[in-house]
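What follows is a short report on a single structure.
The values are calculated or read from the model by the stated rules, or taken from the named source; none is laboratory data. Just so you know, these numbers come straight off a predicted model, no measurement behind them. All Cβ positions, even for glycine, are placed from backbone atoms using ideal geometry, and neighbour counts span all protein chains on display.
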Amino acid sequence: MAILYGKELSDQIREEIRQEIQHYPEPPGLAVILIGEDPASQVYVRNKKKACEEVGIASYSYSLPSDIPEDNLLSIIQHLNGNQNVHGILVQLPLPEHIRESRVIEAISWLKDVDGFHPYNVARLFSANPGLVPCTPLGVMGLLERNSIPIAGRHAVIVGSSYIVGKPLSLLLLNKGATVTVCHKYTKELAYVTREGDILISAVGKSGLITRDMVKPGAVVIDIGISFKEGKTVGDVDFDNVLDKVSYITPVPGGVGPLTVTMLLKNTLTAYKLQVSAQPSAFSQINREG
Ligand code: NAP
């Protein structure tokens, strides 16, 4: 059994990004838009800004009031779409209720869509020719591939079907030859399905959801879920009781988490290459990770 700590891989990929950026005449730029004052979102944005600085990406922060009209936000995005110093645009989710998420996502140029949520990038992933891919799924693929964990021919069971995590991850795994089953809250007999997983991935946010009896012996278990229990950050998987039954497992915290921001940096670099150097290899580099 091996524990997959994301931090080491994350540091390695960040160093690769930092070194690559040193060879570019100007820094890639990432604009991060935060609407409102949600404390968790403020922490995420601060972490992203710090990570950018560490690898040499210029970050531009926009802190907007929670009552900003939707049209004003769309105008700011349009302005950033045309700003040549900005290669990636990220709007921190969730948004206030009066702003339609789909309008915001679709307003971002697909070339600057470092979250990988734009319909064009989603379509590219669907057609097995990925463009910019959502960061957490990309991080999971990095964790599997850089640890030489086989994917083709294996049954991957994903619990959680959001457009941010479960769905894009299902396509990435399918594109790599896995047989994929996606579960959600209406899935009946969840344990029966999860026990089939050679690779079992949980992305729900419900502690204790995946218990020992739900895991196939020798499975690779990737825990993306985050929730809080007795003041601690925990995942979906009953880690301590599952540990001796699996071949690989990610802890929470310290597993997939560190890779999510790293893949945002990687996506910003890819977006930069697509825009500035017009490097056609930029997308094939994503394929390598995803
Ligand atoms: P989400 O949009 O709330 O999606 C949760 C998914 O879980 C939905 O598909 C939901 O089904 C499904 N679900 C809910 N209860 C279930 C149950 N009892 N059995 C089976 N499926 C169930 O959340 P998300 O954005 O995908 O994030 C999922 C988790 O990953 C959260 O804890 C989040 O904090 C964490 N996360 C971590 C990272 C990281 O970097 N480590 C990044 C992103 C997210 P329905 O579709 O039927 O509602």
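Among the residues examined, S227 qualifies as within 14 Å of the ligand (Cβ to nearest atom) and over 21 Å from R14 (Cβ atoms). In the range 146-177, the qualifying residues are those that are more than 16 Å from the ligand (Cβ to nearest atom) and among the hydrophobic types (A, V, I, L, M, F, W, C), and the one that is surrounded by the fewest Cβ atoms within 10 Å (Cβ to Cβ) is A152. Would you mind stating whether P217 is assigned to a loop (DSSP other than H, G, I, E, B), out of contact with any His (no Cβ under 6 Å at 6 or more places or on another chain) and at pLDDT below 95? Considered against the rule, which asks whether it is assigned to a loop (DSSP other than H, G, I, E, B), out of contact with any His (no Cβ under 6 Å at 6 or more places or on another chain) and at pLDDT below 95, P217 comes out as no.
Taking the numbered list (1) surrounded by 18 or more Cβ atoms within 10 Å (Cβ to Cβ); (2) farther than 30 Å from S148 by Cβ in turn, A51 passes all entries but (2).
Cβ-Cβ contacts under 6 Å between residues 6 or more apart (or on different chains), taken from a first residue in the range 240-268 that is assigned to a helix (DSSP H, G or I) to a second residue that is of a type outside the set (D, E, K, R) and within 8 Å of the ligand (Cβ to nearest atom), are listed as L259/G139; T260/C135; T260/T136; T260/G139; M263/C135; M263/G139; L264/C135.
In the set D238, D223, D244, which member is touching a Pro at 6+ places or on another chain (Cβ under 9 Å) and not basic (K, R)? Before you say what the answer is, go through the steps one by one.
On the way: D238 fails: touching a Pro at 6+ places or on another chain (Cβ under 9 Å); D244 fails: touching a Pro at 6+ places or on another chain (Cβ under 9 Å).
Of the residues listed, the single one that is touching a Pro at 6+ places or on another chain (Cβ under 9 Å) and not basic (K, R) is D223.
The number of residues in the range 182-215 being touching a helix residue (DSSP H, G or I) at 6+ places or on another chain (Cβ under 8 Å) and more than 12 Å from the ligand (Cβ to nearest atom) comes to 7.
Can you find even one residue in the range 1-8 that is within 30 Å of R103 (Cβ to Cβ) and of a type outside the set (A, V, I, L, M)? I'd like the intermediate steps shown before the answer.
Kept after step one, since they are within 30 Å of R103 (Cβ to Cβ), are these residues of the range 1-8: none.
Within the range 1-8 (the criterion being within 30 Å of R103 (Cβ to Cβ) and of a type outside the set (A, V, I, L, M)), the answer is no, since none of the residues qualifies.
Against the list (1) assigned to a loop (DSSP other than H, G, I, E, B); (2) within 27 Å of D223 (Cα to Cα); (3) not aliphatic (A, V, I, L, M), the condition E8 fails is (1). If you check I249 against the conditions, is it within 16 Å of the ligand (Cβ to nearest atom), in contact with a strand residue (DSSP E or B) (Cβ under 6 Å, 6 or more places away or on another chain) and modelled with pLDDT of 95 or more? So I249 fits the description; yes.
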